[in-house]
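The values are calculated or read from the model by the stated rules, or taken from the named source; none is laboratory data. Keep in mind it's a predicted model, so treat the numbers as computed, not measured. All Cβ positions, glycine included, derive from the backbone under ideal geometry; neighbour counts span all protein chains shown.
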Amino acid sequence: MTASRLLFTFFVLASPAAAEPIRFSVTETAGLRRFGYPVTVSLESDRGAIEGIEQARLIDAAGAELPAQFTAMSKWPDGSVRSLDVDFATSPAPLETQAYCVETGVRPTQPVYKGLSVTETPDEIIVASSAIKHRIRRDGKPLLTSIAFGTNEFIGASGITTTLAPGPVEVLKRGPFNVTLKLGDVRLEYVSTKSWVKITQRAGSATDLAVDAHFALTKLPLLWDFGVNSWLYGTLAQPNQSVSLRVGAAGWQVFTARGTAVPSLYAGGKDCEGWGHLADNDRVAAFGMMACGADGEPRIDLSADGRVRIAAKREELTVYFHVVGQPVPVTAVTSPPAMLSPLFAKPTR
């Protein structure tokens, strides 16, 4: 699943104490019930309006202060905040619009709960909470070596890799609501309310981009499904079996194969939502590709050894992986369609 992002500019008074609240709204547009869904709002303020992130707090329509994470993404020459990211979580009803404001020049009184944290070593970055622990290699070989959810390890020996080689690590956000890591042209984003990782690759031009993941799914048969405007599913019962979803101008097609045999057509249709699952008796790995239309001829390949490849020829490829154990807990209340449908934020007057 994904946090919404909006960039807008407000000109406020030079004195932080006298600044008008910065108002915005958050709208659920997909007709889905959300539970603790992450939101990122990016604000740009005038010079001197916000002296520091400790002088901002989030207020809802009822006037209650909400816990939130504030990150200064850039500063003016005088040291005041120029670009401010606000990360928080909300639970709107289907199609509901919620109103918020950021008060500046006022210190928050609402404590921020313990969520995500970042630990750095010479070789890796560890992103962790009470539920998850991800290990990210600085050299990207592989990019992720471990995804633990509770007591279950979800990553196999080959880890998760990207087509674009990760660059030097910059920790843009350190939690507790959001952790964002920039590794050159590769970016990883985590949110405290969901056990997913969002992986984005940005190339300068249309490029064959892919994310390859090896999940520790070992108990055959594996159950697979794809979101294609209906629920399409099947099993991988033999070690050499695979299934592929391919999207083109005429729509989508799913092919199954065994070993080196020519793949056979399994199903086809018009609309592809770009998500699915691969699961055994102990673990479920949900995956999703943003904008799974015909652009770049995207494809998703699954194999019985737990490998997932998501690929397209594009300037940018964004992929989500969301893991939970079996049986799926009641707290796993974010579906892949919700994961790929961020909430919409906009400024209000």
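The residues of the range 212-251 that are aromatic (Phe, Trp, Tyr) and crowded, with 20+ Cβ neighbours inside 10 Å, listed by number, are PHE215, TRP224, PHE226.
Taken together, the criteria exclude THR193 from residues that are assigned to a strand (DSSP E or B) and within 30 Å of ASN281 (Cα to Cα).
In the range 109-138, the residue that is farthest from VAL169 (Cα to Cα) out of those that are small (Gly, Ala, Ser) and touching a residue at least 24 places away in the same chain (Cβ under 8 Å) is ALA131. All of (1) in a strand (DSSP E or B); (2) within 30 Å of GLY48 (Cα to Cα); (3) of a type in the set (A, V, I, L, M) hold for VAL112 with one exception: (1). The residue of the range 170-200 that is farthest from SER335 (Cα to Cα), among those that are in contact with an Asp or Glu (Cβ under 6 Å, 6 or more places away or on another chain) and crowded, with 20+ Cβ neighbours inside 10 Å, is THR180. Restricted to strands (runs of 3 or more DSSP E) entirely inside the range 132-179, those with at least 3 residues that are closer than 24 Å to GLY204 by Cα are 155-162, 169-174. Only one of the numbered conditions (1) over 24 Å from LYS194 (Cα atoms); (2) part of a strand (DSSP E or B) is not met by THR119, and that is (1). Of all the criteria given as (1) over 17 Å from SER158 (Cβ atoms); (2) in contact (Cβ under 8 Å) with a residue 24 or more places away in the chain; (3) assigned to a strand (DSSP E or B), the one not satisfied by ALA213 is (1).
When ALA311, ALA257 are checked against the criterion of being over 27 Å from THR200 (Cα atoms), assigned by TED's automatic domain parsing to the domain that holds TRP224 and part of a strand (DSSP E or B), a single residue qualifies: ALA257. Being farther than 30 Å from PRO347 by Cα, in the same structural domain as ALA286 (by TED's automatic domain parsing) and modelled with pLDDT under 95, is that true of even one residue in the range 179-187? Within the range 179-187, none of the residues are farther than 30 Å from PRO347 by Cα, in the same structural domain as ALA286 (by TED's automatic domain parsing) and modelled with pLDDT under 95.
Whether any residue in the range 69-81 is crowded, with 19+ Cβ neighbours inside 10 Å and out of contact with any strand residue (DSSP E or B) (no Cβ under 8 Å at 6 or more places or on another chain) is what I want to check. Yes - at least one qualifying residue is present in the range 69-81. Of the strands (runs of 3 or more DSSP E) lying entirely inside the range 56-95, those containing at least 1 residues that are outside the structural domain of PRO176 (by TED's automatic domain parsing), in contact (Cβ under 8 Å) with a residue 24 or more places away in the chain and basic (Lys, Arg) span 56-60, 81-90.
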